[in-house]
Amino acid sequence: MASATDKLSPKDVSNHFSRVTKHRVPSQVKRFYQYFSIPGIGNLAGGLPNPNYFPYDTLEASTAVPDRFKPTPNNPVDPPATDLTLSALNLSDPAAASRVLVPHDSAEPNPLRKIDLTTALQYGTAQGYPPLYSFIREFVQEHLHPNVPYKGGAEVILTVGSTDGFSKTVEAFSNIWDSERDWIREREGLLCEEFAYMNAIQTARPRGLNVVPVAIDDEGMLAYGKGGLEDVMSNWDTNKGKRPHLMYTVTMGQNPTSGLLSLTRRKEIYALAQKYDIIIVEDDPYWYLQYPSALELSNKARGQSTSPKSPAAVNYNTLDGGRSSGYEFLDSLVPSYLSIDVDGRVVRLDTFSKTVAPGCRLGWITAQPAVIEKIQLITESSTQQPSGFVQSLIAELLMGPSSHGDPGKGGSKDGSGWKFDGWVRWLEGLRGNYERRMQVMSQILEDGMYLIQGSAPGPTKPGRAEEDDFEIVKKTQLYDFAWPAAGMFLWLRAHFDTHPLYEKVGGQRLANAFWVFLTAKPYLVLLAPGVMFSPTPEIAEQVGWQYYRLCFAAVDDELVAKHSKGTVDAFVDYWAIDDPKKIDDLLDDVGARAASVENALQNQASFATNPIFC
């Protein structure tokens, strides 16, 4: 790892800025803001409403304390059997809750520490509410990404969530293309995973960008091999437009596959990004949800020996002589592309949607300063800033009041803020809860993966423990999946080719009917069909229909088990159907439900805006 004095400045990536971005200039209004904080200034320039007329005197909320939830180990071992579930937790328990208060006025003179409604609800700077901006910036530079390898390090800007961040990034780095106006040679492209988060794809497609899928495996995007990044780029057909210079990728808990891209794979892909001059947009809302137990438990369940590639408890930040984050938890996580971004070609999207709540609509972008400067210019003439209500509540929760006449209260029991220690502890607890849910769902699906038919009459309910109870006559695989290494989802591939009606009915009709079958009694399970994560119609038609995404995050713990078992039961009962008419009836009789499945194949965008499927 190069020392601070040996680091090179990030490369100039302005050749990739869009025509509009290159012409943006600072806001004529925002440039006055630097003068607003001068003591005693008589501000007759700004069109600001009087803060004494704001109808809110304070903002208050009962909040969690950082250690509300129990973490799981950073080592790849079985976690303790004891659990602290949401259903067992009394949210009003004083031991598990605190009370945050944002005052109307604070006497704190430092704008980077002053948290009150007078400033938070007023017009503000595009980079974000100064106290929260300063907290995020320090957290990013000192703890989350302590080893950014270019001179001066990365800068940040707050956004209205990751979708907003991606939208601004796409605007900064791509030109709109119209088939009725522009030459095909001018069409730009967006690289993405073979299965992708469709909200991002639907952001890019209306701009005329050519969406270019790259093959994936259980980790994520492939660097080499058939359909890998090198294959796509080296064999690019210019009749389709320009070779893509922009990549959208989710590398930690990939949505929908839950893959976790290794550091080795990141280095391979980054080298290709350098070779082909690609800007990497890394969207990682699940970065802290990495599950060390997944591979070990998967190997144990499937009778496999521990792989040499098992994620041992290593300190990723100090592997190559880098600086520790200061937290064992953060050091144990596979790091961002930013950790190897010597060129400054990575734009990282973060969000509070999964760490606090989606309704916050708050996040941030991390990138080299020149990129952040352009994003800030876009922000000044669009969203201007995230909600002051949200920013002040989160700032008070994390930072707490200052010692200079500040009547506020933070998120800790003593009224101070969580600080960095509390924030990291909160993330550890969230990882613990989601990891336990992942284990519950994965084990139930693991036990039901095969339909066992033996000497006992008829098929049995699945379960590996039952195989020894009778002589196995036939063992049919219903589906397969990889235990989620990260994120909130399990990506399941149904083996419709083993269904008794596969030859007569066809795979896609079986898949459509099965989705409907799942939603009926007694199963009542809603899965996200794979076609809605297929970035092109060709992928949806060829392989997307075989897959389903299951989310173990949204429902209570006991419902994870109930609905996972319901999914297994549905597979078993569906594979018992041997009359094609029953498949026809499923598709014909359910009306709107069947229509929605067919619509998924024709119009993936219908799912993209549905918050249930984020």
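The values are calculated or read from the model by the stated rules, or taken from the named source; none is laboratory data. Small disclaimer: the values here were computed from a predicted structure and weren't measured. Ideal geometry is used to build each Cβ from the backbone, glycine not excepted, and the neighbour counts take in all protein chains shown. Surface areas here come from the heavy atoms of the whole protein model, side chains and all, with no ligands, DNA or RNA. Shrake-Rupley method; radii C 1.70, N 1.55, O 1.52, S 1.80 Å.
Close amide H partners of THR351, meaning residues 5 or more places away or on another chain with modelled amide H under 5 Å apart, are TRP364. The order of the peptides 224-233, 348-357 by mean Cβ neighbours within 10 Å, most packed first, is 348-357, 224-233.
Suppose accessible area is computed on protein heavy atoms with a 1.4 Å probe; arrange CYS360, CYS551 from highest to lowest.
Values: CYS360 20, CYS551 55 Å².
Descending accessible area places them as CYS551, CYS360.
Considering only alpha-carbon pairs that sit under 8 angstrom and 6 or more positions apart, the relative contact order computed for the chain is 19 percent. Of the cross-linked pairs LYS7/LYS70; LYS11/LYS242; LYS300/LYS475; LYS242/LYS267; LYS22/LYS354, those separated by over 28 Å at the C-alpha level are LYS7/LYS70; LYS22/LYS354.
Taking a probe of 1.4 angstrom, what is the accessible area of ASP579 in Å², to the nearest 10? In the full protein context, ASP579 sits at about 60 Å². Rolling a 1.4 Å probe over the protein heavy atoms of the chain, with every protein chain left in place, gives an accessible area that is 53 percent carbon and sulfur. In order along the range 103-114, the Karplus-derived 3J(HN,Hα) couplings, from 6.51 cos²θ - 1.76 cosθ + 1.60 at θ = phi - 60°, round to x, 5, 9, 10, 7, 4, x, 7, x, 7, 10, 7 Hz, and Gly and Pro are given as x. Peptides 131-142, 45-56 ranked from most to least packed by the mean count of surrounding Cβ atoms within 10 Å: 131-142, 45-56. Each residue, THR498 and ASN315, gets one label point 7 Å from its Cα in the Cβ direction; the gap between the two is 4.6 nm. A cut-off of 5 Å between modelled amide H atoms, ignoring neighbours fewer than 5 places along the same chain, links GLY161 with LEU362, GLY363.
For the range 155-303, the Cα gyration tensor yields ellipsoid semi-axes of 29, 19, 13 Å (square root of five times each eigenvalue, largest first, whole Å). Backbone phi angles across the range 204-216, fed through the Karplus curve with coefficients 6.51, -1.76 and 1.60 (θ = phi - 60°), yield HN-Hα couplings of 7, 4, x, 7, x, 5, 7, 7, 10, x, 10, 4, 10 Hz in residue order; Gly and Pro are listed as x.
Where both partners of a DSSP beta bridge lie in the chain, what percent of those bridges are antiparallel, to the nearest 5? The antiparallel fraction comes to roughly 70 percent. With the Kirkwood sum run over all distinct C-alpha pairs, the range 140-231 has a hydrodynamic radius of 15.7 Å.
Using the empirical formula 2.2 N^0.38 Å as the baseline, the Cα radius of gyration of the chain reaches a ratio of 1.03. Here, the range 322-381 yields an orientationally averaged convex hull projection of 5.6 nm² when only Cα atoms define the hull.
Report note on the peptides 195-208, 161-174: ranked by the mean count of other C-beta atoms within 10 Å, highest first, their order is 161-174, 195-208.
Annotation: per residue accessible area for the chain equals 43 Å², rounded to a whole number [probe 1.4 Å, protein chains only].
Considering only alpha-carbon pairs that sit under 8 angstrom and 6 or more positions apart, the relative contact order computed for the range 500-560 is 27 percent.
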